[in-house]
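Colleague: The following block contains the structure, expressed as structure tokens.
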Amino acid sequence: MGERERILVADDQEVVHQGLRNVFELDGHEVVADAYSAEDVKAIVDSPTDFSVACVDGKMPNAGDGARAASYIRAQRPDVKIVSMSVDKQSFGDVDLPKGFRARQLLDIIKSL
């Protein structure tokens with residue numbers, strides 16, 4: 001991990017998807033899937049889409065969706081690293097990042113996974 005990652009972005013806000021896509025692609029990573037709910041995450045995990053990192057919002061669109069999505073990812077794809085992103089304190093990721101983070105902070109975390 002830490003080189004060119006294939007990333008799943010799970011957040012219910014389109015602007016977050018676009019911003020993260022821009023940040024990741026400028027750093028040489030590839031966003032391979034976008035999810036807007038825990039159900040979307042499940043469908044992507046159940047598909048042949050290959051990803052090594054999942055950036056998951058804690059509330060998309062409901063409280064607890066991120067934890068449910070992360071639990072499903074861990075059960076089906078235990079090698080995937082999870083970064084939880086939320087305005088509320090989360091503890092479901094390999095790394096838990098409060099929203100309001102800077103792009104460089106997120107990229108450094110991705111490289112360290």
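The values are calculated or read from the model by the stated rules, or taken from the named source; none is laboratory data. Note that this is a predicted model, so its numbers are computed, not measured. Please note: Cβ atoms are built from the backbone with ideal geometry, for glycine as well, and neighbour counts cover all protein chains shown.
Colleague: With assigned to a loop (DSSP other than H, G, I, E, B), touching a residue at least 12 places away in the same chain (Cβ under 8 Å), surrounded by 12 or more Cβ atoms within 10 Å (Cβ to Cβ) and over 13 Å from the mean Cα position of the chain (by Cα) as the only criterion, which of 101, 92 stands out? Reasoning before the result, please.
Modeller: Values: 92 fails: over 13 Å from the mean Cα position of the chain (by Cα).
Matching residue, one of 101, 92: 101.
Colleague: Can you tell me how many residues in the stretch 54-70 are crowded, with 23+ Cβ neighbours inside 10 Å and either of a type outside the set (Gly, Ala, Ser) or assigned to a loop (DSSP other than H, G, I, E, B) (or both)? It would help to see each step written out before you state the result.
Modeller: At the first step, the residues of the stretch 54-70 found to be crowded, with 23+ Cβ neighbours inside 10 Å are 54-58, 60, 65-66, 69-70.
If we keep only those that are either of a type outside the set (Gly, Ala, Ser) or assigned to a loop (DSSP other than H, G, I, E, B) (or both) too, we end up with 55-58, 60, 65.
Selection size over the stretch 54-70: 6.
Colleague: Another question, then. Under the condition of being assigned to a helix (DSSP H, G or I) and in contact (Cβ under 8 Å) with a residue 24 or more places away in the chain, which residue from the stretch 20-31 is surrounded by the most Cβ atoms within 10 Å (Cβ to Cβ)?
Modeller: The extreme case among them is 24.
Colleague: Would you pick out the residues in the stretch 1-15 that are under 11 Å from the mean Cα position of the chain (by Cα) and either among the small types (Gly, Ala, Ser) or in a helix (DSSP H, G or I) (or both)? Reasoning before the result, please.
Modeller: At the first step, the residues of the stretch 1-15 found to be under 11 Å from the mean Cα position of the chain (by Cα) are 6-11.
The one that is under 11 Å from the mean Cα position of the chain (by Cα) and either among the small types (Gly, Ala, Ser) or in a helix (DSSP H, G or I) (or both): 10.
Colleague: So which of 50, 79, 34, 108 ends up being part of a helix (DSSP H, G or I), under 21 Å from residue 4 (Cβ atoms), without any contact (Cβ under 8 Å) to a residue 60 or more places away in the chain and charged (D, E, K, R)?
Modeller: 108
Colleague: Please verify whether residue 41 is surrounded by fewer than 20 Cβ atoms within 10 Å (Cβ to Cβ) and of a type in the set (A, V, I, L, M), treating the condition exactly as stated.
Modeller: Taking the combined requirement at face value, the residue does not satisfy it.
Colleague: Mind listing just one residue for me: the one in the stretch 1-10 that is modelled with pLDDT under 95 and touching a helix residue (DSSP H, G or I) at 6+ places or on another chain (Cβ under 9 Å) and, of those, surrounded by the fewest Cβ atoms within 10 Å (Cβ to Cβ)?
Modeller: Within the stretch 1-10, the match that is surrounded by the fewest Cβ atoms within 10 Å (Cβ to Cβ) is 3.
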